[in-house]
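Colleague: My structure is below; once you've seen it, I'll send some questions.
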Amino acid sequence: MKNILSIVSILILVSCKSKVVETTETLKESDSKTVVITSGELRESVTYLASDELQGRDTGSEGIEKAAIFIEEKFKKYGVKPYFESYRDNYDAKGRAAFNVIGYVEGNDPNLKNEFIILGAHYDHIGFGKPVENDSIANGANDDASGTAAVLAMSRYFAAKKNNKRSILFTLYSGEEMGLLGSKHLAEKLKDANVNIYTMVNFEMIGVPMTDKDYDAYFTGFDLSNMAPKMNDYVGYNMLGLLPQAKEYQLFYRSDNYSFYKVFNRPCHAISTFDFTNYEYYHHVDDEADKMDYQFMASLVNKLIPAFETMSNTAEPEIKMNE
Ligand SMILES: [Zn+2]
């Protein structure tokens, strides 16, 4: 999410309740229905992407090149195809050579495959931050290696299942921290190619759970479309909610979903669990992989997948903008 530092620092001061959660890798194997995505695979992705080796994944840096190679190799391993000639969608980010990484699982219905669902996250971060005890690498575990790991895991799921009638693009953006540059570029490119976007969901900072909420994650721009109520219907409970601060701080406009909303005027929203009280390391050198709750992340993604399965298979495009 771009430039919310000033908001964050005030709120954290007021009510920081962050806690480090020790995760256990083992999940109840018997519970096969919900264990499609494991905390282990999410931890593996976040641990590498947020490692010091990648130097905070600034756009145009060596670190982000390594991150892109990691994502490409995962797509290849999972059988996720490139949507363009290669996985890389190259563009210029204020004079820096930059690239989004795009994977594709084509729909299995002759007509509905021409409607596209986009699942996205940004894999870039800010590079370096304010030094703390000689550590100046802003590792960006929650922001947004957590979202990137979720998109990668879901690409593995859908490439294996191929049970989606509508096509799905798995899109990892760079240039987000520079002003949503990567997603703006891709949105324009898909528009020029007359791609029919049905919905877009962006995963932004889903590394730690919210406490004292009666929903699992919040949905930005909640009132702009019927997507959140529809997704809750698809899973049969109040999974996605409206966070008042998200509306107050206009988070809908601060994340990559906004690039697609602006160009396509279709339901394009972000899912997040960062509620300004549960994580004190936003754009901080301590935003490290060992602070993520991987069991929570896995349970959230496993709950979301049935909603995306239904979204990709309804006969009618029932998800719409509100009047
Ligand atoms: Zn972010």
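Colleague: For the range 267-319, with all protein chains present and a 1.4 Å probe, just round the carbon and sulfur fraction of the accessible area to a whole percent. Could you put the intermediate results ahead of the total?
Modeller: Numbers: 620 of 1290 Å².
Of all accessible area on the range 267-319, carbon and sulfur atoms account for 48 percent.
Colleague: At 1.4 Å probe radius, can you tell me the per residue accessible area of the chain in Å²? Could you put the intermediate results ahead of the total?
Modeller: Working: 13000 Å² over 323 residues.
Here the residues of the chain average 40 Å² of exposed surface.
Colleague: Okay, moving on. From the mean inverse distance of alpha carbon pairs (Kirkwood) and the Cα radius of gyration, derive Rg over Rh for the range 114-162.
Modeller: Numbers: Rg = 15.4 Å, Rh = 12.8 Å.
Expressed as Rg/Rh, it is 1.20.
Colleague: Holding the Cα-Cα limit at 25 Å, pick out from LYS230/LYS262; LYS184/LYS303; LYS113/LYS189; LYS81/LYS262 the pairs that are longer than that. Could the numbers behind the result be given before it?
Modeller: Working: LYS230/LYS262 22 Å; LYS184/LYS303 29 Å; LYS113/LYS189 19 Å; LYS81/LYS262 27 Å.
The answer is LYS184/LYS303; LYS81/LYS262.
Colleague: Taking a quarter of the surface of the Cα convex hull of the range 245-313, what do you get in nm²?
Modeller: Numbers: hull surface 24.9 nm².
Over every viewing direction, the Cα hull of the range 245-313 projects on average to 6.2 nm².
Colleague: Going highest first, how would you order 243-255, 52-64 by mean Cβ packing within 10 Å?
Modeller: Values: 243-255: 18.2, 52-64: 20.5.
The packing order, highest mean first, is 52-64, 243-255.
Colleague: Near the amide H of CYS268, under 5 Å away, which other amide H atoms are found, from residues 5 or more places off or on another chain, if H is placed in the peptide plane?
Modeller: Amide H neighbours of CYS268, under 5 Å, 5+ apart: MET200.
Colleague: Considering the options SER86, ILE71, THR38, tell which one lies farthest towards the positive end of the dipole of the range 32-89, charges being +1 on Lys and Arg and -1 on Asp and Glu at the Cβ, about the Cα centre.
Modeller: Checked the options; the winner is THR38.
Colleague: Right, here's the next one. Starting at the first residue of the range 311-318, write each ³J(HN,Hα) from the Karplus equation 6.51 cos²θ - 1.76 cosθ + 1.60 with θ = phi - 60°, in whole Hz, x for Gly and Pro.
Modeller: 4, 7, 10, 5, 5, 9, x, 7
Colleague: Tell me which of GLY60, PHE158, VAL132 sits at the most positive position along the dipole axis of the chain, charges placed on C-beta atoms (Lys, Arg +1; Asp, Glu -1).
Modeller: My answer, from the dipole projection, is PHE158.
Colleague: Quick one: if you take sqrt(5λ) for each eigenvalue of the C-alpha gyration tensor of the range 68-131, what semi-axes come out, biggest first, whole angstrom?
Modeller: After diagonalising the Cα gyration tensor, the semi-axes are 28, 14, 12 Å.
Colleague: Right, another one. Evaluate the charge dipole of the range 208-274 about its Cα centre and quote only its size in Debye, nearest 20, assuming +1 on the Cβ of each Lys and Arg and -1 on the Cβ of each Asp and Glu.
Modeller: Numbers: 6 positive and 7 negative charges, 59 e Å.
Dipole of the range 208-274, to the nearest 20 debye: 280 debye.
Colleague: Quick check on the chain: take the gyration tensor over C-alpha atoms, sort the square-rooted eigenvalues as a ≥ b ≥ c, and tell me if it's rounded (a/c under 1.5), prolate or oblate. Walk me through the numbers before you get to the answer.
Modeller: Numbers: a/c = 1.33, a/b = 1.19, b/c = 1.12.
Verdict is rounded for the chain.
Colleague: Moving on. In debye, nearest 20, what is the charge dipole magnitude of the chain about its Cα centre with +1 on Lys and Arg Cβ and -1 on Asp and Glu Cβ, if you could check? Could you put the intermediate results ahead of the total?
Modeller: Working: 34 positive and 47 negative charges, 199 e Å.
Once rounded to the nearest 20, the dipole reads 960 debye.
Colleague: Give the long-range amide H neighbours of VAL80: residues separated by 5 or more places, or on another chain, with amide H under 5 Å away, using H modelled in the peptide plane at 1.01 Å from N.
Modeller: Here the answer is none, since no amide H 5 or more places off falls under 5 Å of that of VAL80.
Colleague: Another one. Solvent-accessible area of THR38, probe 1.4 Å, all protein chains present, reported in Å² to the nearest ten, please.
Modeller: 50 Å²
Colleague: Looking at the range 178-309 only, what percent of DSSP beta bridges run antiparallel? Nearest 5 please.
Modeller: Working: 2 of 8 bridges.
Looking only at bridges with both residues in the range 178-309, the antiparallel portion is about 25 percent.
Colleague: Percent antiparallel among DSSP beta bridges with both residues in the chain, to the nearest 5?
Modeller: On the way: 18 of 38 bridges.
Antiparallel bridges make up about 45 percent of those DSSP assigns within the chain.
Colleague: How large a share of the accessible area of the range 58-100, in percent, is made up of carbon and sulfur atoms when the probe is 1.4 Å and the other protein chains stay in place? Mind showing how you got there, number by number?
Modeller: Details: 1130 of 2280 Å².
Ligands and nucleic acids excluded, carbon and sulfur reach 49 percent.
Colleague: Now a separate question. Using unit Cβ charges (K, R positive; D, E negative) and no other charged atoms, how large, in debye to the nearest 20, is the dipole of the range 42-181 about its Cα centre? Mind dumping the intermediate values first?
Modeller: Details: 17 positive and 21 negative charges, 162 e Å.
For the range 42-181, the charge dipole is close to 780 debye.
Colleague: Aspartates and glutamates within cross-link reach of LYS165: Cα-Cα under 13 Å, excluding same-chain residues under 8 positions apart?
Modeller: Partners within reach: GLU106, ASP109, GLU115, GLU309, GLU316.
Colleague: Karplus couplings for the range 294-304 from phi (6.51 cos²θ - 1.76 cosθ + 1.60, θ = phi - 60°), rounded to Hz, Gly and Pro as x?
Modeller: For the range 294-304, the Karplus-derived couplings read 6, 5, 5, 4, 5, 5, 5, 5, 5, 6, 6 Hz, x marking Gly and Pro.
Colleague: While we're on this one: Using the Karplus curve 6.51 cos²θ - 1.76 cosθ + 1.60 with θ = phi - 60°, work out ³J(HN,Hα) for each residue of the range 163-179 in order, rounded to whole Hz, and write x for Gly and Pro.
Modeller: Each residue of the range 163-179 in turn: 9, 9, 6, 7, 7, 10, 9, 9, 10, 10, 9, 10, x, 5, 5, 9, x Hz.
The values are calculated or read from the model by the stated rules, or taken from the named source; none is laboratory data. Just so we're clear, the structure is a prediction, and the values are computed from it rather than from any experiment. All Cβ positions, glycine included, derive from the backbone under ideal geometry; neighbour counts span all protein chains shown. For accessibility, only protein heavy atoms count, side chains too; no ligands or nucleic acids. Shrake-Rupley method; radii C 1.70, N 1.55, O 1.52, S 1.80 Å.
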